Amino acid sequence: MRTIFTKKLTIWEIVKFGLTGGINTVLTFCIYSILVFFNVPYYIALIFDYVFAIFFSLLVNFRFTFNRREGITFRMVYRMAGTYGLLFLINEIFLFIFISKLHINNYLCQAIASIIIAGISYCMQRIFVFEIDKRKTNAS
């Protein structure tokens, strides 16, 4: 995982990830908020939030952010699901602590968690799902 910190990151790639991540975050936050508004428990709302996020993120980041053109493979889908599974676990723990134990507002907690998760998601997708550093090394 240290390759992400030793290889040069392109500003444009980070900007594109931020744009797609921002759109993804707004959409998933809306899904989460609507479900919580209708009294769906936060942990169930988060599941729906993440299922949408997995597919949206894979499709948009594949073409737009990381400029992949060869086609989405089963390996990428599997790795994206695994990545989001870990992100879901981190998010769920964060919400459990801050909502259930510290009694902080549901919406505020998810807004803060979304920002933290976005940074972790970029690193994991770049290295693990789309294998950007590996691909650049093989192209050299």
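The table below lists the values:
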{"item": "Selected residue (criterion: modelled with the highest pLDDT) from residues of the stretch 26-52 that are crowded, with 18+ Cβ neighbours inside 10 Å and among the aromatic types (Phe, Trp, Tyr)", "result": "Tyr32"}
{"item": "All positions within the stretch 65-103 that are of a type in the set (A, V, I, L, M, F, W, C), in contact (Cβ under 8 Å) with a residue 40 or more places away in the chain and closer than 16 Å to Ala118 by Cβ", "result": "Phe66, Met80, Phe88, Leu95"}
{"item": "Single condition Gly71 does not satisfy, out of (1) among the small types (Gly, Ala, Ser); (2) assigned to a helix (DSSP H, G or I); (3) at positive phi", "result": "(2)"}
{"item": "Extreme residue, modelled with the highest pLDDT, among residues of the stretch 1-11 that are surrounded by fewer than 11 Cβ atoms within 10 Å (Cβ to Cβ) and assigned to a helix (DSSP H, G or I)", "result": "Ile11"}
{"item": "Those residues of the stretch 12-25 which are aromatic (Phe, Trp, Tyr) and surrounded by 14 or more Cβ atoms within 10 Å (Cβ to Cβ), in sequence order", "result": "Phe17"}
{"item": "In the stretch 53-89, residue surrounded by the most Cβ atoms within 10 Å (Cβ to Cβ) [restricted to those that are of a type in the set (Val, Ile, Thr) and closer than 24 Å to Val15 by Cα]", "result": "Thr65"}
{"item": "Selection within the stretch 116-133 - part of a helix (DSSP H, G or I) and free of Cβ contacts under 8 Å to residues at least 12 places away in the same chain", "result": "Gly119"}
{"item": "Residue ID - nearest to Ala53 (Cα to Cα), chosen from residues in the stretch 90-114 that are of a type in the set (Ser, Thr, Tyr) and surrounded by 13 or more Cβ atoms within 10 Å (Cβ to Cβ)", "result": "Ser114"}
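So that you can scan it fast, the table gives a plain yes or no per residue for (1) of a type outside the set (Gly, Ala, Ser); (2) under 16 Å from Tyr32 (Cβ atoms):
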position	(1), (2)
Phe88	yes, yes
Ser114	no, yes
Tyr122	yes, no
Arg126	yes, no
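The values are calculated or read from the model by the stated rules, or taken from the named source; none is laboratory data. For clarity, every value in this text was computed on a predicted model and none was experimentally measured. FYI the Cβ positions are ideal-geometry reconstructions off the backbone, even for glycines, and counts take in every protein chain you see.
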